[in-house]
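The values are calculated or read from the model by the stated rules, or taken from the named source; none is laboratory data. All values derive from a computational prediction rather than experimental measurement. Methodologically, a virtual Cβ is constructed for each residue, glycine included, from the backbone with ideal geometry; neighbour enumeration extends over all protein chains shown. Side chains included, ligands, DNA and RNA excluded: accessible areas come from the protein's heavy atoms. Shrake-Rupley method; radii C 1.70, N 1.55, O 1.52, S 1.80 Å.
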Amino acid sequence: MKYRGTFSVTLAAALLGCCLASNAGAQTISPTTPAAPGGDTGVSGAIEQKLILSSAQRATIYQEVSKDKSKVAPKDFSPVIGADVPPMIELYMLPDDAVANVPAAKLYKYTMVENKVVLVDPTKMRVIDVIGPPPSH
């Protein structure tokens, strides 16, 4: 009887250790592995989400945001997608009417530069999109 109990405990411990080791290995992400250039992964290995807007959504955002002429960035800021946004640039929440049909856009902020809406990821302080005035027909 003594050996049988010891064997059960040893077997259970071995199985538990095996399961924990295989689960830990499956979930490990190396933070030191850099992302491939131009890839969709961030420093932590997490996939970065991209905001994809239709032309109608872009026009709505531009139309709603451009109503308020007071939210303009300094002229020396040149917005380029992927560029860092200087900390002195004031960012604003997108109006509810602008993001009504684009719930994912609520995560982003904006500023206006040279009659263009500059969408910014406020956690990374990077430009994610630049929306100019819709073409006139």
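Charged neighbours of residue 57, selected by a Cβ distance under 15 Å, balance to -1 (K, R count +1; D, E count -1). For the range 49-108, the alpha carbon convex hull comes to 107 Å³ per residue, rounded to a whole number. Measure up 75/124; 71/106; 67/116 against 19 Å on the Cα-Cα distance and list the ones that go over. Where the Cα-Cα span goes over 19 Å, the pairs concerned are 75/124. Spin-label pair residue 52-residue 78: with each label point 7 Å from Cα along the Cα-Cβ axis, the two points sit 3.0 nm from one another. For a modelled paramagnetic label at residue 101, 7 Å from Cα along Cα-to-Cβ, the residues of the range 113-137 in reach, with backbone nitrogen under 15 Å, are 134.
Among the protein heavy atoms of the range 52-137, carbon and sulfur supply 54% of the accessible surface, probe 1.4 Å, non-protein parts ignored.
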